[in-house]
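FYI, it's all coordinate maths here, none of it is from the lab. None of the values given here were measured: they were computed from a predicted structure. We place every Cβ from the backbone using ideal geometry, glycine too, and count neighbours over all the protein chains shown.
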Amino acid sequence: MKSRKIQGAKRENRLRKSPLLLKLKKLKKKPQAPPPDSSSSSSSSSSSSSCIVVVGICEMEGEEGSQQPHLALAHRLFLLKHPSVPDIEKVRLKDEVLASIKSDDMASLYETLAAESLLEMDRGLLDSMRARIEEELKKLDEKITDAEENLGESEVREAHLAKSLYFIRIGDQEKALEQLKVTESKTVAVGQKMDLVFYTLQLGFFYMDFDLISKSIDKAKNLFEEGGDWERKNRLKVYEGLYCLSTRNFKQAASLFLDSISTFTTYELFPYDTFVFYTVLTSIISLDRVSLKQKVVDAPEILTVIGKVPHLSEFMNSLYDCQYKSFFAAFAGLTEQIRLDRYLHPHFRYYMREVRTVVYSQFLESYKSVTIEAMAKAFGVTVDFIDAELSRFIAAGKLHCKIDKVAGVLETNRPDAKNALYQATIKQGDFLLNRIQKLSRVIDL
C-alpha cells in the first residue's frame, strides 16, 4: 500500500510538471452539448484542436522507463498526417520527426516521407545517413566474425542481437526481421526468445502490421507453453490488449488490460496514464454496471491517475452515477483525445456509437415508458436530437424500444433471454433457407 502511494506521488509530480497538461487545465470546460455524430464529427473548435491530448505529441515517459522512441515517432507521424492537427503544431512536429530521423539514421523512412512531401529532400543528409549506416554495419559484421572465430556462443548471440537492434533503430523492417530470425537461431533460453518476440511486436506496432503482430502473439503463447516468467507473461497481455484495441476487439482488450492493471510494466508501449485511458474506454462499453463498479470505478490503481487525464474521471463517474448531462459534456471533451489517438482513430465513429448505445440503454432500463422530452432534458439536448438518435439506434437493433411520435413517448420492449434466443434462431434459419434456395438454383442450372 505504501509503495502504491509512492508511485502515485511520482505520477502526480511528473504530470504536474507536464506542459501539455498545464495547457489543458487552462482550457475552459465546454458547454453541455450533444456529442458529435458521425456526420458532424469532423468539425472541432480551434481550442480543442490545439490541445493534442494525453496520448499525443508530448514525450511520453513512464514512471519506471520511457516509451520506445520509434513508437513515439510513429505517433508524431500519425499526427503530422492528421487533418485536424493545426498547421502551427505540424511545423513543430516536422522538426521533431526530422530530429528523430537524423539521430537514428533512418534513411529509408526519410526517403518515404520526402516522397510524400511531408519532409523536404536533402540529398546531402540522405547520403551522409547512408554512409554512416554502411560504416556501422561493417563494424557489426566484424564483431560477429570475431565472436564466431574467437569467442563463445553467448558472445556470438549478443553480436547478432546488436545487429538486429541496429536494423530496428534505422527503421529497416525487412532486414530487422531477417536478423531477428538469425539471432533466434542462436538463442536457447525461453526468456531471451520472448524478448526477441517483443522486439518484433514493437516493429509490428510501428508499421501497424497486424499480420506480423498476430503471428508474433501466437508465437509468444507457444513459447510460454515451454516455460516463462510471469513478468513477461504480464507484458504480453498488454501487447495483446493493444492489438485487440487496434483491431476493434474492445471486449477482449478490456479483459487483458484489467488483468494487467496491477502489474503494468510495459512502459515501452505507452505510459501508465495512457494505459488507464485505454482501460477505462474499453471497459465502459464492455462491462456491465456491477463489473464496472468493482473492476474500474473503485479500482485504486485507476483512481490514482484518472484525474490527470482530462475529462476521463467525469466520463466514467457520470455514466455510473447516471448524471447524463455531465456525461455528455465529458463525452464531448473526450472526442478529440480519441480522434487523435493512433490506435483508436480508425474506430472513432464506431466507439462513439457504442458509448451512446450504452448510455441510452442504461437510461431506458429504468423505465417501461418515458416521454421524449424528459429524456432530452436528462441529457441536456433537444427533443429533435434525441428523437433522431433513438430512431437510428432502434432501426439498427441497438435499442429495444418504440417511439410514439404522436404522444411523444418512448415505450421499452426489452426481450428476455429466451425470446432473444428465439428471435436469433429465426433470423439465422431464414438466412440459411435463403442460402439453400440460392444454391438449389445454381445446381438446377
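Using the empirical formula 2.2 N^0.38 Å as the baseline, the Cα radius of gyration of the stretch 152-273 reaches a ratio of 1.07.
A DSSP coil position with no more than 16 other Cβ atoms inside 10 Å describes the following GluC sites (Glu not before Pro) in the stretch 219-259: E226. When +1 charges are put on Lys and Arg Cβ atoms and -1 charges on Asp and Glu Cβ atoms, the dipole computed for the stretch 35-368 relative to its Cα centre reaches about 1400 debye.
For S366 and S440, compute 0.36 nm times the residue count separating them, minus their Cα-Cα distance, and round to one decimal in nm. It would help to have the intermediate numbers written out before the result.
Numbers: separation 74, 0.36 × 74 = 26.64 nm, distance 4.85 nm.
Separation in residues times 0.36 nm, less the Cα-Cα distance, equals 21.8 nm.
What would the Debye equation give as log₁₀ I(q)/I(0) for the stretch 35-368 at q = 0.10, 0.12 Å⁻¹, counting only Cα atoms as equal point scatterers? Rounded to two decimals, the profile gives -0.67, -0.92. With 19 Å as the limit on Cα-Cα distance, the pairs of K237/K295; K221/K295; K181/K237; K215/K237 that go past it are K221/K295; K181/K237. What shape does the stretch 52-204 have by the C-alpha gyration tensor, where a ≥ b ≥ c are the square roots of the eigenvalues, rounded means a/c under 1.5, and otherwise prolate means a/b greater than b/c and oblate the rest? Oblate, because a/c is 1.5 or more while a/b does not exceed b/c. In terms of its alpha-carbon gyration tensor, the stretch 220-332 comes out prolate; a/c meets the 1.5 threshold, and the first ratio a/b outweighs b/c. Counted over all Cα-Cα pairs of the stretch 115-197, pairs farther apart than 17 Å make up 55 percent.
Based on the mean of other beta carbon atoms within 10 Å per residue, what is the order of 149-158, 335-344, 255-264, 430-439, most packed first? Don't jump to the answer; show the numbers that get you there.
Numbers: 149-158: 13.4, 335-344: 22.1, 255-264: 19.4, 430-439: 10.0.
Descending mean neighbour count gives 335-344, 255-264, 149-158, 430-439.
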